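Peer 1: Have a look at this one.
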Amino acid sequence: MKNIIKEERTKLNMTQQELADAISVSRQTINSIEACRYTPSTVLALKISDIFKKPVNKIFELEKND
Amino acid sequence: MKYSTKYNKPIRLLPGYFKWIGLAVMILMPVLFLVTTKLLYPGLLKTQSDAVDLVATNLLIAGLFLITLSKDKVEDELIMLLRLKAMGIAFGIAIIYVIMDPLFSLIWGEQIKELNGSMIIMNMLFVYIVFFFLLKKMR
């Protein structure tokens with residue numbers, strides 16, 4: 001699954017730590033999500049979409065092998 | 001709207017400082033126990049060596065268990081997944097150990113002895129802690 005969290009975060013001028021604090025996870029979790037090493041749960045995905053004010057399916061995109 | 005809660009409740013863990021309590025139980029308590037036994041009941045170490053070993057081993061297990069159950073700095077869903085993975089690895093290694101130990105005894109020509117449950121549990125807890133730490137570093 002691809003995501004545009006890094007781009008959206010940069011637009012808002014937010015650090016990984018700030019985003020992590022906003023959704024109550026660790027900075028390493030944000031880093032893992034951005035690097036596509038970890039796919040977040042629905043709850044976390046909704047929290048991220050709420051921060052970026054964008055629908056979840058605009059932030060996360062399924063790939064062929066998903 | 002229905003709320004999903006039953007399986008989403010986070011696992012209850014001990015506060016983070018229990019890591020240090022666990023370390024103290026694991027390292028200091030067996031030493032204190034052995035020293036006080038040697039000072040107060042010097043004969044006990046020779047006559048009841050099995051019981052003394054048992055108490056020291058159980059203290060080690062209790063310490064490792066406290067470390068295992070203590071919370072991380074930020075206990076999020078990725079950490080929970082890493083806990084599960086580390087537990088799976090520890091369980092898998094314990095199974096391999098149980099199966100392979102008699103085979104190795106046969107290969108080396110030693111007598112096959114029954115496996116000690118405390119030893120297996122101690123190994124599992126130790127492997128869990130090591131792999132949890134490694135997985136956290138690699139996340």
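Peer 1: For chain B, with equal point scatterers placed on the C-alpha atoms only and solvent neglected, what are the log10 I(q)/I(0) values from the Debye formula at q = 0.09, 0.14, 0.17 1/Å, to two decimals?
Peer 2: Each listed q maps to, in turn, -0.40, -0.83, -1.04.
Peer 1: Which of the GluC sites (Glu not before Pro) across the stretch B:72-123 are loop residues per DSSP, with 11 or fewer other Cβ within 10 Å? Let's see the in-between values first.
Peer 2: Values: sites: B:75, B:77, B:110, B:114; in loops: B:75, B:110, B:114.
Loop-located and lightly packed - B:110, B:114.
Peer 1: Over all residues in A:22-34, what is the mean tally of Cβ atoms on other chains that come within 10 Å of each residue's Cβ? Please report the intermediate quantities before stating the final value.
Peer 2: Working: counts 0, 1, 3, 6, 9, 1, 8, 7, 2, 2, 4, 1, 0.
Counting other chains' Cβ atoms within 10 Å and averaging over A:22-34 gives 3.
Peer 1: Add +1 for every Lys or Arg and -1 for every Asp or Glu among the other residues with Cβ under 12 Å from the Cβ of residue A:49, and state the total.
Peer 2: Details: positive: A:47, A:53, A:54, A:58; negative: A:8, A:50.
Taking every Cβ under 12 Å from that of residue A:49, the sum is +2.
Peer 1: For every other residue with a beta carbon closer than 13 angstrom to the beta carbon of residue B:80, add +1 if it is Lys or Arg and -1 if Asp or Glu, then tell me the sum. Write out the running numbers ahead of the final one.
Peer 2: Working: positive: B:9, B:12, B:71, B:83, B:85, B:136, B:139; negative: B:72, B:75, B:76, B:77.
With Lys, Arg at +1 and Asp, Glu at -1, the neighbours total +3.
Peer 1: Would you kindly derive the ³J(HN,Hα) couplings of the stretch B:115-122 from the backbone phi angles with the Karplus curve 6.51 cos²θ - 1.76 cosθ + 1.60 (θ = phi - 60°), listing them in order in whole Hz, with x for Gly and Pro?
Peer 2: Each residue's phi maps through the Karplus curve to give 6, 8, x, 4, 5, 5, 5, 4 Hz.
Peer 1: Sticking with the crude label model, points 7 Å out along Cα→Cβ, report the distance from residue B:21 to residue A:54 in nm, one decimal please.
Peer 2: 4.5
Peer 1: Mind checking the full-extension length gain between residue A:39 and residue A:65? Use 0.36 nm per residue of separation minus the Cα-Cα distance, one decimal, nm.
Peer 2: Working: separation 26, 0.36 × 26 = 9.36 nm, distance 1.39 nm.
Difference between extended and current length: 8.0 nm.
Peer 1: Taking 7 Å along the Cα-to-C-beta vector as the label spot, tell me the residue B:31-residue B:115 distance in nanometres, rounded to one decimal.
Peer 2: Between residue B:31 and residue B:115, the label points sit 3.2 nm apart.
Peer 1: Let me ask another. I need the semi-axes of the equivalent ellipsoid of the stretch B:44-93: take the C-alpha gyration tensor, multiply each eigenvalue by 5, square-root it, list largest first in whole angstrom. If you can, show how the numbers build up before the last one.
Peer 2: On the way: eigenvalues 230, 35, 3 Å².
In descending order the semi-axes read 34, 13, 4 Å.
Peer 1: Now for a separate question. Tell me what chain A gives for mean residue ellipticity at 222 nm when only DSSP H runs of n ≥ 4 count, each as -39,500 (n - 2.57), the sum divided by the residue total, rounded to 500 deg cm²/dmol. Could the numbers behind the result be given before it?
Peer 2: Working: 5 runs with 37 residues, N = 66.
Here the helix-only value at 222 nm equals -14500 deg cm²/dmol.
Peer 1: Once you charge only the Cβ atoms, +1 for Lys and Arg and -1 for Asp and Glu, what is the size of the charge dipole of the protein assembly as shown about its Cα centre, to the nearest 20 debye? Can you show the working numbers first?
Peer 2: Working: 26 positive and 18 negative charges, 145 e Å.
With Lys and Arg at +1 and Asp and Glu at -1, about 700 debye.
Peer 1: On to the next question. Only Lys, Arg, Asp and Glu count, each charged at its Cβ (+1, +1, -1, -1), so figure out the dipole size of chain A about its Cα centre, rounded to 20 debye. Write down the numbers at each step before the final one.
Peer 2: Values: 11 positive and 9 negative charges, 18 e Å.
Roughly 80 debye for chain A.
Peer 1: Taking every pair of alpha-carbon atoms in the stretch A:2-55, give the share separated by more than 19 Å as a whole percent. Don't jump to the answer; show the numbers that get you there.
Peer 2: Working: 145 of 1431 pairs.
Distances greater than 19 Å cover 10 percent of the Cα pairs.
Peer 1: Return the calculated 222 nm mean residue ellipticity for chain B, to the nearest 500 deg cm²/dmol, obtained by summing -39500 (n - 2.57) across DSSP H runs with n ≥ 4 and dividing by the residue count. Mind showing how you got there, number by number?
Peer 2: Working: 5 runs with 101 residues, N = 139.
Computed mean residue ellipticity for chain B: -25000 deg cm²/dmol.
Peer 1: Using alpha-carbon positions, what is the distance between the centroids of the stretch B:54-125 and the stretch A:1-55, in Å?
Peer 2: One Cα centre to the other: 35 Å.
Peer 1: Count neighbours as other Cβ atoms within 10 Å of each site's Cβ, and list the trypsin sites (Lys or Arg not before Pro) in the stretch A:36-65 that are DSSP loop with at most 15 such neighbours. Each step should come with its number before you reach the end.
Peer 2: Working: sites: A:37, A:47, A:53, A:58, A:64; in loops: A:37, A:53, A:64.
Listed in order of number, the matching sites are A:37, A:53, A:64.
Peer 1: Under the Kirkwood approximation for Rh and a Cα-based Rg, what ratio Rg/Rh is obtained for the protein assembly as shown? Don't skip to the answer; put the middle values down first.
Peer 2: Numbers: Rg = 23.5 Å, Rh = 20.8 Å.
Value, to two decimals: 1.13.
Just so you know, all these numbers are worked out from the coordinates, no wet-lab data involved. Keep in mind the model is a prediction, meaning the values are calculated, not measured. Don't worry about glycine lacking a Cβ; one is built from the backbone with ideal geometry, like all the others, and counts go over all protein chains shown.
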